[in-house]
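**Student:** Below: one structure in structure tokens.
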Amino acid sequence: MNECLAALQALWDERRGERPMPERRDFLAEEFRPWFGHICIVRVEEPAARFRVTLAGLEVVRYYGRDLTGRYLDDEMPVEGFGWVVESYRTCARTGTPQYVTLPTASFNGTTRALNRVMLPCGRDGTVNTIIVGIYPVDVRAG
């Protein structure tokens, strides 16, 4: 796992303590400073069928070539090519466990990138209501 993402997951583990997952309110915004730009906060809307991006870091916006803040993932990621993205959020929400994945290499804005992503669920009473996502590039080459 990418060392930056491992450190983010370590913070999540620390905040969770003995619980299955922490609550979003267990984190202060300034605690995310080491990952600023590489963080997304995604709100899980009942019944865990839709995912709205409430914050997209500037580096994430640069990776994807657009700002998804305020948008629903299923509106922005067509099932034909990106259905697996929404499904990975559903898996995280359903299981309540961290999900780590290396996203396949794709071309964004003339640059080819593969991305490492960790999805960290937050909620209470076994229900995920927020997913903290960290995203870092694996490989960057001029396209």
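**Student:** Suppose the chain between E30 and A114 were pulled fully straight at 0.36 nm per residue; how much longer would it get relative to their current alpha carbon spacing?
**Tutor:** Gain on stretching E30 to A114: 27.5 nm.
**Student:** Where does the charge balance sit around P22 when Lys and Arg score +1, Asp and Glu -1, over other residues with C-beta under 14 Å from its C-beta?
**Tutor:** Counting the neighbours of P22, the net charge comes to -1.
**Student:** Let me ask you something else. If we count every other residue with Cβ under 9 angstrom of F51's Cβ, Lys/Arg +1 and Asp/Glu -1, where does the sum land?
**Tutor:** Here the count lands on +2.
**Student:** Further question: About the Cα centre, and with charges only on the beta carbon of Lys, Arg (+1) and Asp, Glu (-1), how big is the dipole of segment 3-89? Nearest 20 debye, please.
**Tutor:** Computed charge dipole of segment 3-89: roughly 200 debye.
**Student:** Among Y136, W12, Q99, which residue has its Cα furthest toward the positive end of the charge dipole of segment 3-142, with +1 on Lys/Arg Cβ and -1 on Asp/Glu Cβ?
**Tutor:** The residue sitting most towards the positive pole is Y136.
Each value in this text was obtained by applying a stated rule to the coordinates, not by laboratory testing. All values reported here derive from a predicted model rather than from experimental measurement. Counting neighbours? That spans all protein chains shown, and the Cβs are built from the backbone with ideal geometry, glycine included.
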